[in-house]
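Asks: This is the structure I have questions about; it appears just below.
No value in this document is a laboratory result; all are computed from the given coordinates. Computed from a prediction, not measured in an experiment: that's the story for all the values here. So basically every Cβ, Gly included, is an ideal-geometry build from the backbone, and we count neighbours across all protein chains shown.
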Amino acid sequence: MNGRQIEHRGVVERIVSHGVIVSIVQETACAACAAAQLCHSSEKKEKLVEIPCDAPNRYSIGQNVTIVGEIGMGLRATLWAYVIPLVLLMVVLMVSASYLNAGIAALLALASLIPYYIILYAFRNKMQRRFSFRIKS
């Protein structure tokens, strides 16, 4: 990883008409520790990432590749996935708690997240263009 980009090594899992699907192993920092087998805090997850490209036929299944994304993508994803919903939840809770009892205010605050996530789902194609990786040459 350099100063402005995130790099992950992966393996081409599938080739589709508009790109390739790459399998990456995401692991915590302690997963590489020698005691990771004995410790329960180390964690590894395999994720599939769709990489759009113009010529997917230059890749083959099983080929090792490096995918690259910008650090800003991770910060924007954190904002959309955690910060904005938390602020929305707290604002609705504070406002509704001053007018309603606490139980109803809490339910209303939780229910306010439903339209937020529906809107995110509706704009998923637009967001997918902003949150995309590319294969490093």
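Asks: Kindly put ILE104, ILE24 in sequence by how many other C-beta atoms sit within 10 Å of each C-beta, fewest to most. Working shown, then result.
Replies: On the way: ILE104 12, ILE24 19.
Listed from fewest to most nearby Cβ atoms, that is ILE104, ILE24.
Asks: Apply the Karplus curve 6.51 cos²θ - 1.76 cosθ + 1.60, θ = phi - 60°, to the phi angles in the stretch 116-133 and return the couplings in whole Hz, x for Gly and Pro.
Replies: Coupling constants for the stretch 116-133: 4, 6, 5, 5, 4, 5, 5, 9, 4, 5, 5, 5, 4, 5, 7, 10, 10, 9 Hz.
Asks: Follow-up. Relative to the compact globular guide of 2.2 N^0.38 Å, what is the alpha carbon radius of gyration of the stretch 5-135, as a ratio? Don't skip to the end; give the middle numbers.
Replies: Values: Rg = 20.1 Å, N = 131, 2.2 N^0.38 = 14.0 Å.
That works out to 1.43 for the stretch 5-135.
Asks: Still on this structure: When MET73, MET94 are ordered from fewest to most other Cβ atoms inside 10 Å of their Cβ, what list results? Before the final figure, lay out each step's value.
Replies: Numbers: MET73 15, MET94 11.
Ordered from fewest to most neighbouring Cβ atoms within 10 Å, MET73, MET94 come out as MET94, MET73.
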